[in-house]
1. Could you grab the pairs with beta carbons closer than 8 Å, sequence gap of 6+ or different chains, first residue in the range 347-364 and of a type in the set (Val, Ile, Thr), second one assigned to a loop (DSSP other than H, G, I, E, B)?
2. Restricting to the range 253-311, name every residue that is of a type in the set (D, E, K, R) and either in contact with an Asp or Glu (Cβ under 7 Å, 6 or more places away or on another chain) or not assigned by TED's automatic domain parsing to the domain that holds residue 442 (or both).
3. If I ask for residues that are touching a residue at least 60 places away in the same chain (Cβ under 8 Å), outside any strand (DSSP E or B) and among the aliphatic types (A, V, I, L, M), which ones from the range 1-55 would you list?
4. For the range 151-163, check the following and say yes or no: at least one residue is assigned by TED's automatic domain parsing to the domain that holds residue 126 and within 24 Å of residue 134 (Cβ to Cβ).
5. What single numbered condition from (1) surrounded by fewer than 15 Cβ atoms within 10 Å (Cβ to Cβ); (2) farther than 29 Å from residue 259 by Cα fails to hold for residue 373?
6. Just a yes or no: is a residue in the range 146-157 closer than 30 Å to residue 219 by Cβ and hydroxyl-bearing (Ser, Thr, Tyr)?
7. For residues in the range 180-237 being touching a helix residue (DSSP H, G or I) at 6+ places or on another chain (Cβ under 7 Å) and outside the structural domain of residue 112 (by TED's automatic domain parsing), which is farthest from residue 374 (Cα to Cα)?
8. Can you spot a residue in the range 155-170 that is under 27 Å from the mean Cα position of the chain (by Cα), of a type in the set (Val, Ile, Thr) and over 19 Å from residue 206 (Cβ atoms)?
Amino acid sequence: MAEDIRGLLEHAVSYASKQGVYLAEFRVERSTFTRIVSRDGVFTVSSGRDYGVAVRVYHNGSFGFAFTTRLEKRAVEEAFRRALAMARAAGGSLPKPLLLESIDTSFIHPVKLSVEDVSVEQKVSDLRALDKLLAAGSKSHTVVYTDIVEDRFYASTEDRYIEERRELVYVYGSVYGEEAGVRASAHLVNGTIKGYTVWDKMSQEAFADKLLRRLRNQLRAKTPKAGIYPVVLAPEALGVFVHEAFGHLAEADLVVAGSVLNGKRGEKVASELVTIVDDPDIDDGFGTIRFDDEGVKTARATIVEKGIHRQVMNDRLHAAMMGDDPTGNARAESFRYPPLVRMRNTYMLPGDHSFEELLEGIKFGYYIVATAGGQTNLDGSFQVGVSEAYEIVNGEIGEPVRNLGIAGNTLETLLNIDAVGKDFEIHYGRCGKGQLVYVSDGGPHVRVRRMTIGGQE
């Protein structure tokens, strides 16, 4: 099959090269998936295949894009003609994207046990074990298991040919409960790109214990005090903050659109304790890829280095616009979409403080463990809901609190970080930006001197 796809792409490149375009790219994606969903013990199992060819053409100052689900020469030629017609019709003034040197390579991400070697019956049985545990401790629950085996092929008129294969497993659990007139919910995600190893990383018992403990604490929690307090962010909450409140502001298309980082290259935007990177090469990250969807070899983007803004995440077009080297951050949800500037594995590097040292000296504050959605604006203002948090009283973790939210300005918050833990965790999720892609984020525990807490007086 791979040989057939290569032959198809070689034909497509030859055909496009004769049309005199500046750049034509062809992406073939072939994926198989299994999805198992349980809602209060009622299971639904589905599986399938998806494949197609994406065609993107740069011509006359514009991009044109088209796709086809037919892996045939005539269908790809037709898709190319449609993409070229769109570029001609647009007649824009975009700068020419970077061109790259010739390459011919392939890479298979290693797995310990392929999901293709595990029966659907076994996957259902393993998920049923988690389902029963959640059912015993909640009023309502949902569990979702998804595995994907994706083969990505890329070819361009630059004489670039790339193959990459990886597996991804995603497990999501949510629970809802009521107690003494209080209603609460909680969720948890785990994942891996190591094959069918997700239960080795976190057993069903450990997953259920963590999720149900989060729910129980919310049901029995007190309401927080509104005001400005010192806060300790756990790795899960920090990862969401780094991704949502900061990472998007460092995506090149949003920087050009006027994000708060526009024009701040080389300036101090955070505490000198803060280093934030977007890394395509960490072990077992959802954003760990060798090449992006523009065929660019991925590279770490150091967004902040010891408080100084160094890089933005880019694609070929914005790298050309800004005079930067490409970072390989162009990602598409599937062959049905053109790539956008997207994050991969975004995290803060650890420091040298213990968790106990982060709590020292806090007479009263909050320990924020997990978040529950939020909003960030281009000017850096943010609001984030919190799904698990505790009081900090005289340097000790106190009672749980619920209905808490945090708000502020992203750069001010980063400047207020005065201690960074030496621990480190990576978490898993999906990011929406018109398209949905799998990402990871995380970091250590950190202490923020001042943060606005929303709640009741």
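The values are calculated or read from the model by the stated rules, or taken from the named source; none is laboratory data. This is a predicted model, so every value here is computed, not measured. Counting neighbours? That spans all protein chains shown, and the Cβs are built from the backbone with ideal geometry, glycine included.
1. The qualifying pairs are 362/394; 362/395.
2. Start the filter on the range 253-311 by keeping residues that are of a type in the set (D, E, K, R), which leaves 253, 264-265, 267-268, 272, 278-279, 281, 283-284, 290, 292-294, 297, 300, 305-306, 310.
Listed by number, the residues that qualify are 290, 294, 300, 306.
3. 2, 5, 8, 9, 12, 13, 16, 21, listed by residue number.
4. no
5. Of (1) surrounded by fewer than 15 Cβ atoms within 10 Å (Cβ to Cβ); (2) farther than 29 Å from residue 259 by Cα, only one is false for residue 373: (2).
6. yes
7. If we take residues in the range 180-237 being touching a helix residue (DSSP H, G or I) at 6+ places or on another chain (Cβ under 7 Å) and outside the structural domain of residue 112 (by TED's automatic domain parsing), then 232 is farthest from residue 374 (Cα to Cα).
8. Yes - at least one qualifying residue is present in the range 155-170.
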